[in-house]
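See structure below.
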Amino acid sequence: MSKSKDILHIYTRVSTDHQMNDGTSLDSQLKFGKQKAKSLGMEFEHHDERSASSSKDHLDNRPVIRELLARISEGEIKHIYIYSLDRLSRNTTTSTFIRETLRKNGCTLYTNTNETNLESHEQNLLFGIISEISQYENMLRKERLNHGKRVKARQGYWMGGPTPFGYKKSTRNKLILDKEQSEWVERIFRWYSEGIVSHEDKKEVRRERINKKR
């Protein structure tokens, strides 16, 4: 049986369900990891995080990397492979913690193109710069996504979740009036302005909302 130092630990992760389901991303990462292990003359062990959102890029929702870091801290793991540095983290705080764990325990990090020994000041610096760039790109991506959602919302598109009472979605995913339900909205506003909403009226509105969900 190979010693732990002769094993390349392949860590795979995608940051969205779309990437996980596109049929290639995780498989490609594992494929390249196996190729790297073969070129290094090592056995490999696969650690699959599956989908862990980059929008919540911390260790709480990533049990696989937590276990890896624990094993690295115990000196059990000395070689780890990732498809690219942003697979570790796009969050500077999280990335720094991972980087320091690798550095302190003499764990070498491999990607498709690089072998990084974090005990080297130059390579440690480069890792930090790349982490900062990854976080910056992630922030820009979020801003573009949020801007796109706001533009779509202003154009009348519904961005998800149950539609407001009195509306329904069109075939183009835009909000349009539900003729039957909108009548109740008008009644509610009229009753409210006149101060005459009764207990029976409230019960009737609740029944209408239940019927709408069926």
Would you order Val185, Val14 from fewest to most other beta-carbon atoms within 10 Å of each residue's own beta-carbon?
Val185, Val14
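Between Tyr157 and Glu180, what is the FRET efficiency for a Förster distance of 30 Å, r being their Cβ-Cβ separation, to the nearest 0.05?
On the way: r = 23 Å, r/R0 = 0.75.
Plugging the Cβ-Cβ distance into 1/(1 + (r/R0)^6) gives 0.85.
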Using Cα pairs closer than 8 Å and at least 6 residues apart in sequence, work out the relative contact order for the stretch 44-113, in percent.
35 percent
May I ask you to sort Ser89, Ser193 by Cβ crowding, counting other Cβ atoms within 10 Å and putting the fewest first?
Ser193, Ser89
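Could you put Thr93, Thr108, Thr163, Thr113 in order, starting from the residue whose Cβ has the fewest other Cβ atoms within 10 Å? Before the final figure, lay out each step's value.
On the way: Thr93 12, Thr108 18, Thr163 15, Thr113 6.
Fewest-to-most ranking of Thr93, Thr108, Thr163, Thr113: Thr113, Thr93, Thr163, Thr108.
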For the peptides 72-85, 30-43, what is the packing order when you average, over each peptide's residues, the other Cβ atoms within 10 Å and list the highest mean first?
72-85, 30-43
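The numbers here are math on the coordinates, done by the rules we state, and not lab data. As the structure is a computational prediction, the values presented were derived from the model and not from experiment. So basically every Cβ, Gly included, is an ideal-geometry build from the backbone, and we count neighbours across all protein chains shown.
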